[in-house]
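A.B. asks: Sharing a structure with you now.
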Amino acid sequence: MRHAVVTGGAGFLGSHLVDDLLEDDYRVTVLDNYGSGRPENLAHLQTADIAIENHDVREPFPAFDDVDIVYHLASRASPEDFGTHAVEIALTNSEGTKNALECAREYGARSIIASTSEVYGNPEEHPQTETYHGNVNIRGPRAPYDESKRFSEALAVAYERKYGMDIRTVRIFNTYGPRMRPNDGRVIPNFLSQALSGDDLTVYGDGSQTRSFCYVSDLIDGIRAFADAPGGMAAGNVVNLGNTNEITIRELAEIVLEVVDTASEITYRELPEDDPEVRRPDISRAQAMLDWEPTVSLQTGLERTVPYFENQLNPQLASDSSSK
Ligand SMILES: NC(=O)c1ccc[n+]([C@@H]2O[C@H](COP(=O)([O-])OP(=O)(O)OC[C@H]3O[C@@H](n4cnc5c(N)ncnc54)[C@H](O)[C@@H]3O)[C@@H](O)[C@H]2O)c1
């Protein structure tokens, strides 16, 4: 059996990736420190093909018998954590990436590095193509995340050039779905938690800033297609993965109010410093190379996500209504 090491595998995206790999007959080792991940995200997996290790990727990886592929997803990703966990995040995306790459080098494995649309900062080019170099404020509140992800990419390129390794980088744009923590701090968990609790939805600024939201199954399909693509085009490359349907945050709030049956309304608060004004991926590279594009609409994705949040926020109520 092929062996995949997944860092951050107890988190939102990592746990969905683990499901996908196990279904595809991989043996999987998860390395996670449970900083923002949760054991319950993997609790449904009753198989001997998974090993879960409580391990901080800032430390060198444990020894394995062999490794075919390393998926490096470990990193807190919520803007709420960029200040409170700044040093941890910066080191996870530098020391942690180094350790992931060293593991891949030792076993001659392929590596997939999870980067982010945040490498584009507050973009002056729209939509963002992979060739755009970005506009990040090095000293701003988002820098520990944004700049360490940029460094993570640079380190991957350096390893690839020095050691001739097969390293592939995915720039992930806002992705949502079940297994995000209700208190995660990202906008969709915030809105769903507020709407389901009957609280008003908090929009920062006037809500005219835009984002493009991708449902988790589409994103995982894209990551796997890139990881499995033949080396010629994909090795050493970087792709944007995300949904191109760009909406304002105010529109998102209105859609959430439609999907969730709630009396909540919208309230406005001051916009945080360096909040990107626009965000939409140009996915033509992924379309051409992988024949991939998202298929799940925002409405459908939210409808699939709401039951999970209902259950998280009020498990008793959710189990009563599902047994009716
Ligand atoms: N979901 C998105 O919209 C999005 C967008 C862009 C990039 N990403 C990237 O995708 C990856 C996964 O994000 P997510 O949305 O699943 O977030 P998440 O917080 O749910 O998952 C991150 C996981 O990494 C683990 N982790 C963090 N630091 C660690 C460390 N030092 N050692 C070991 N484990 C550690 C956490 O415990 C958690 O399980 C991250 O690298 C993130 O930057 C996600």
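A.B. asks: Dividing the Cα radius of gyration by the Kirkwood radius, what Rg/Rh value follows for segment 249-288?
C.D. replies: 1.15
A.B. asks: Can you work out ³J(HN,Hα) from phi for every residue in segment 31-43, in order, using Karplus 6.51 cos²θ - 1.76 cosθ + 1.60 and θ = phi - 60°, giving whole Hz and x for Gly and Pro?
C.D. replies: Those phi angles translate into 10, 8, 9, 6, x, 10, x, 9, x, 4, 5, 10, 5 Hz.
A.B. asks: To the nearest 20 debye, what charge dipole does segment 1-145 have about its Cα centre, counting +1 at the Cβ of each Lys and Arg and -1 at the Cβ of each Asp and Glu?
C.D. replies: For segment 1-145, the charge dipole is close to 420 debye.
A.B. asks: Could you work out, for the chain, what percent of all Cα-Cα pairs fall into each 10 Å distance bin, beginning at 0 Å and stopping at the bin that holds the largest distance?
C.D. replies: Values per bin, smallest distances first: 6, 27, 36, 23, 7, 1, 0.
A.B. asks: Taking all protein chains as present, what is the carbon and sulfur share of the accessible area of segment 84-164, in % to the nearest whole number, probe 1.4 Å?
C.D. replies: Carbon-and-sulfur percentage of accessible area, whole number: 50.
A.B. asks: If you don't mind, there's one more thing I want to ask. Binning every alpha carbon pair distance of segment 80-180 at 5 Å from zero, what are the percents per bin?
C.D. replies: 2, 13, 21, 22, 19, 15, 7, 1, 0
A.B. asks: Any idea what angle helix 95-107 forms with the longest principal axis of the chain, computed on alpha-carbon atoms, 0 to 90 degrees, nearest 10?
C.D. replies: Helix 95-107 and the main axis of the chain meet at about 40 degrees.
A.B. asks: Still on this structure: Scaled to the compact-protein estimate 2.2 N^0.38 Å, what is the alpha-carbon radius of gyration of segment 225-324, rounded to two decimal places?
C.D. replies: Dividing the Cα radius of gyration by 2.2 N^0.38 Å gives 1.48.
A.B. asks: On C-alpha positions alone, give me the angle between the axis of helix 187-197 and the longest principal axis of the chain, in degrees, nearest 10.
C.D. replies: Relative to the chain, helix 187-197 is tipped by roughly 40 degrees.
A.B. asks: Rounding to the nearest 10 and keeping the result within 0 to 90°, find how far the Cα-based axis of helix 298-313 lies from the longest principal axis of the chain.
C.D. replies: Once rounded, one gets 80 degrees.
A.B. asks: What list of ³J(HN,Hα) couplings, whole Hz, do you get for segment 172-185 from phi and the Karplus terms 6.51, -1.76, 1.60, once you set θ to phi - 60° and write x for glycine and proline?
C.D. replies: Residue by residue, segment 172-185 yields 8, 9, 2, 10, 9, x, x, 5, 6, 6, x, 9, 4, x Hz.
A.B. asks: Can you give the calculated 222 nm mean residue ellipticity of the chain, where each DSSP H run of n ≥ 4 adds -39,500 (n - 2.57) and the sum is split over every residue, rounded to the nearest 500 deg cm²/dmol?
C.D. replies: -12000 deg cm²/dmol
A.B. asks: Just need the Rg to Rh number for segment 1-88, please, alpha carbons only, Kirkwood Rh.
C.D. replies: Answer for segment 1-88: 0.98.
A.B. asks: Whole number please: convex hull volume per residue, Cα atoms of segment 149-305, in Å³.
C.D. replies: 116 Å³
A.B. asks: Go through Y163, I220, Y176 and say which Cα lies farthest out towards the positive end of the charge dipole of segment 160-229; charges sit on Cβ, +1 for Lys and Arg, -1 for Asp and Glu.
C.D. replies: Positive-end residue among those listed: Y163.
A.B. asks: Using the heavy atoms of the protein chains and a 1.4 angstrom probe, tell me the accessible area per residue for segment 189-288 in square angstrom.
C.D. replies: So segment 189-288 comes to 42 Å² accessible per residue, rounded to a whole number.
A.B. asks: Let me ask you something else. With a 1.4 Å probe and all protein chains in place, put Y145, Y34 in order of accessible area, largest first.
C.D. replies: Y34, Y145
A.B. asks: What's the FRET efficiency of N245 with L45 using the Cβ-Cβ distance as r and R₀ = 35 Å, to the nearest 0.05?
C.D. replies: 0.65
A.B. asks: Where the only charges are on Cβ atoms (+1 Lys, Arg; -1 Asp, Glu), what is the dipole of the chain about its Cα centre, to the nearest 20 debye?
C.D. replies: 600 debye
The values are calculated or read from the model by the stated rules, or taken from the named source; none is laboratory data. All values reported here derive from a predicted model rather than from experimental measurement. Reconstructed Cβ throughout: ideal geometry from the backbone, glycine too, with neighbour counts over all protein chains shown. Note: areas computed on protein heavy atoms with side chains; ligands, DNA, RNA excluded. Shrake-Rupley method; radii C 1.70, N 1.55, O 1.52, S 1.80 Å.
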